Structures are given as C-alpha cells and as structure tokens.
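Read through the structure below, which is laid out as structure tokens, and then see the notes.
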Amino acid sequence: MYCNVAIEKLINVMLRKGSNIEDIYANVFGGGNIIESSSNLYRIGERNIEVAISKLDEYGISIINSSTGGIKGRKIMMESHSFKILHKFIEKQIT
C-alpha cells in the first residue's frame, strides 16, 4: 500500500524539520470506492482508510477532521495561510 509509506515519510520529514510529534494533527480525506466492481478485491479505498488511521494512531497523532469512504471522489484544497480545508465531492463523469 502507498498510504502507510507516505504517512511515515511525511511524519519523519516533519520531525527532522523540527516539529514535535505532540503538535502534529491530521485531516484525513479520501478512500472512496470509486472503482465499480462486484468483487471485494477492489476495496482499495476502505483499506487505505484503515491503514491511514492505524498509522496515525501508531504515532499518537489525532485526527481533527475527516471525510472518508463512500462512492464519490473528492477534491481537497488547503489555504496555506489559514490552514482552512476546502472539500467537495466529485461526481463520476460518463463519456
């Protein structure tokens, strides 16, 4: 899985740059099951949510905001000066 490696690398970079683990918190978004399938093999979104929450818990990082799961994609933007999160769902487009 990708998210477990990405989360760990991000946390390690933040710590090397001088952050204190006690001051780090998380916003968790995504994990929608956007691949249509009758098989449970493609539960990629659900598995990524589980791994992300587990990895953050392993480091003692609190999740302060989340929007996960479902069947729609998401577009996430963050205003870097205010840390405000902008979130909207994306409908599937049929071509």
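Bear in mind these aren't lab numbers, they're just calculated from the coordinates by the rules spelled out. None of the values given here were measured: they were computed from a predicted structure. We place every Cβ from the backbone using ideal geometry, glycine too, and count neighbours over all the protein chains shown.
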Worksheet item: Which residues make up the longest stretch of the chain that has no chymotrypsin sites (Phe, Trp or Tyr not before Pro) in a DSSP loop with at most 14 other Cβ atoms within 10 Å?
Response: 3-82
Worksheet item: Given the rule -39500 (n - 2.57) for each run of at least 4 DSSP H residues, summed and divided by the residues of the chain, what is its mean residue ellipticity at 222 nm, to the nearest 500 deg cm²/dmol?
Response: -10500 deg cm²/dmol
Fill in: Exposed-site-free run, longest, the chain (rule: GluC sites (Glu not before Pro); DSSP loop; at most 10 other C-beta within 10 Å)
37-90
Worksheet item: Roughly how compact is the chain, stated as its Cα Rg over 2.2 N^0.38 Å to two decimals?
Response: 1.21
